[in-house]
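Everything on this sheet refers to the single structure shown next.
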Ligand SMILES: Cc1cc2nc3c(=O)[nH]c(=O)nc-3n(C[C@H](O)[C@H](O)[C@H](O)COP(=O)(O)OP(=O)(O)OC[C@H]3O[C@@H](n4cnc5c(N)ncnc54)[C@H](O)[C@@H]3O)c2cc1C
């Protein structure tokens, strides 16, 4: 069957699903998307106005070719739609010089010739007075980095997919995905529809929809907290996103409106989310203690009373590497799950890879390290 005539279901039109729908529709597939809410909602893994985009990867340099592919597609989606989805303000990776993530980021920069600056503690303190720099600290400024607007991106990708012919069923929960001899059946409360292939991108609901998944995806509850600066230091000419590696790993983003700074924590500090349909969206005062501590130690010019708190969910695999590829025993079902806190920046590339796998059964992109094929651990 030609790619142009393939019928593909996209189950979950969130971060990955909206990009997959765009890439599939752009290639002439007949695309039908389903989402339990509507694209751009804030009840799942996306929301809170900003996500970090980086070119250098401190976790694993194998992501860099995928980030390059994503980078080109970010530009393409912006050009096709005329929307500013991403702004390149830079990203500072800060922390002790001898921290292993400093070494990995410098390796990934050297291996791929990425645009960057290395700053010692003195330079860092002078140029970025909003941070309290400690002895032995250094930073790497990734220049092809900055922030992405998550809600706008999802809505823009979904609308672009619709302009290219995709249909999206909003407020429609997929109850079951049933592989059949010549494809796959998608079951909702309204009935059943037949497709050649399904791309499954349900984020934190992956264990609900696919209870027999052979890998563990641990769904965690993530708090984003916004703080207002007490001085002008935060909103000078340079407004990079930032990540601190140690002693506590956390990150932050100056808000695009120049009013506040959003902070977030790392995996080890997130509580289990429990049932994704009953996410606890209240933040208890004791959950804020760690944020107050971090502000006192590293960013004393932020007022430690938060002006906004939001709660989201994300699925983590054991290795923090996502699951991308066919579902075991169901080659017509392409799974994308477990993005472990770093999927947004890569989402156009993952959408494109999903389109490759759904239409051609294979992808030219180097995804062996995240593929579901021959994967023992999660
Ligand atoms: C607070 C926070 C901060 C983050 N910061 C960054 C960052 O700075 N940079 C970065 O790159 N990444 C970041 N991430 C990670 C990134 O946001 C996620 O990896 C990414 O959004 C996951 O996308 P997804 O498509 O898997 O899930 P989602 O975007 O949640 O999409 C899943 C969709 O499936 C729908 N759905 C679920 N079940 C069904 C069903 N049965 N039927 C129909 N629809 C269904 C949901 O409604 C939802 O729309 C962050 C994540 C969080 C939570």
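Readers should treat all values here as calculations from the given coordinates under stated rules, not as data from a laboratory. None of these values were measured; they are calculated from a predicted model. Quick reminder, even Gly has a Cβ in these numbers, built from the backbone with ideal geometry, and neighbours come from all protein chains shown.
Once you divide the Cα radius of gyration of region 120-214 by 2.2 N^0.38 Å, the number left is 1.86.
Each Cα pair under 8 Å and six or more residues apart adds its sequence gap; the mean of these over the residue count of region 216-274 is a relative contact order of 45 percent.
Using the alpha-carbon atoms, what tilt in degrees (0 to 90, nearest 10) does helix 347-360 show relative to the longest principal axis of the chain? Long axis of 347-360 versus the principal axis of the chain: about 20 degrees. Peptide packing for 242-255, 12-25 was compared via the average number of neighbouring C-beta atoms within 10 Å per residue; ordered from the highest value, the list is 12-25, 242-255.
Restricting the calculation to Cα atoms, every distinct pair contributes to the Kirkwood radius of the chain, found to be 21.2 Å.
Calculated [222 nm] ellipticity per residue, helices only, for the chain: -7500 deg cm²/dmol; basis is -39500 (n - 2.57) per DSSP H run with n ≥ 4, divided by all residues, nearest 500. A simple spin-label model places pseudo-atoms 7 Å from Cα toward Cβ; at residue 80 and residue 5 they are separated by 2.4 nm. The C-alpha atoms of the chain define a longest principal axis, and helix 100-112 lies at about 60 degrees to it. Below 8 Å between Cα atoms, with a sequence gap of 6+, how large is the relative contact order for the chain in percent? Over the chain, the number comes to 24 percent.
Within region 99-126, whose backbone N sits under 14 Å from a point 7 Å along Cα→Cβ of residue 88? It comes to 114-117, nothing else. A simple spin-label model places the labels of residue 305 and residue 194 6.4 nm from each other, with each point 7 Å out along Cα-to-Cβ. Relative to the longest principal axis of the Cα atoms of the chain, the long axis of helix 289-298 lies at roughly 50 degrees. Fully extending the segment from residue 68 to residue 182, taken as 0.36 nm per residue of separation minus the present Cα-Cα distance, adds 37.5 nm. Counting other Cβ atoms within 10 Å as a rough exposure proxy, the listed residues 290, 219 run 290, 219 from fewest neighbours to most. Each label was represented as a point 7 Å from its Cα along the Cα-to-Cβ direction; for residue 120 and residue 135 these points are 1.6 nm apart.
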